[in-house]
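Okay, so here's the structure we're looking at.
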Amino acid sequence: MIVAERIESLKAGILAALSFTLAYSITAVAHRWVLAKQFELFALLHITNEVDLLLRLAVACLSGFLFGVTYRYIIRQDDNSHLKGGAVLAFGLVRGLTPVEVEPNLTEAYWLSGILAIESILDFAIARFTLDWAIHLHWLKTFNSQ
């Protein structure tokens, strides 16, 4: 029973990691080609080389994986939209607002922090809907607390 639960958590983590990383990749492309050309502050978010890109994708993949595993345990067998939305909001805000502590120039541009938080929330929402879809199709089982 414990092994089966761990396998389901692994499946949830992998699925969320893939969907989150894909969503993050689209966001990174938008930063590079659209926003960085229009606003100087977005240059701070620029991907400068291949190593930087791989590192950011690895962090995004890990974030998505941890979200998937945690999300499966949070929702259990409840159909509570507040739990689902709260998980997305919590993960999104933590990930989206972290650059404020790391980059001192971001504290002067509150709107940029807001954009990063919204993008992160949207990326986690995509991972959430992917997991919900997999659960609906019975590809993934919810955590049984019994």
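In terms of other Cβ atoms within 10 Å, Phe124, Phe91, Phe143, Phe129 run from fewest to most in the order Phe129, Phe143, Phe91, Phe124. What the Cβ-Cβ distance of His136 and Tyr73 gives, at R0 = 22 Å and to the nearest 0.05, is a FRET efficiency of 0.75. Taken along the Cα-to-beta-carbon direction at a fixed 7 Å, the label points for Leu93 and Leu62 span 2.4 nm. Going from the fewest other Cβ atoms within 10 Å to the most, the residues Leu54, Leu116 appear in the order Leu54, Leu116. Amide H contacts under 5 Å for Phe143: Arg76, restricted to partners 5 or more places along the chain or on a different chain, H placed in the peptide plane at 1.01 Å from N.
No lab work stands behind these numbers, since they all come straight from the coordinates. Worth saying up front: this structure is predicted, and the values here are computed from it rather than measured. Using ideal geometry, Cβ is built from the backbone for each residue, glycine included, and neighbour counts are taken over all protein chains shown.
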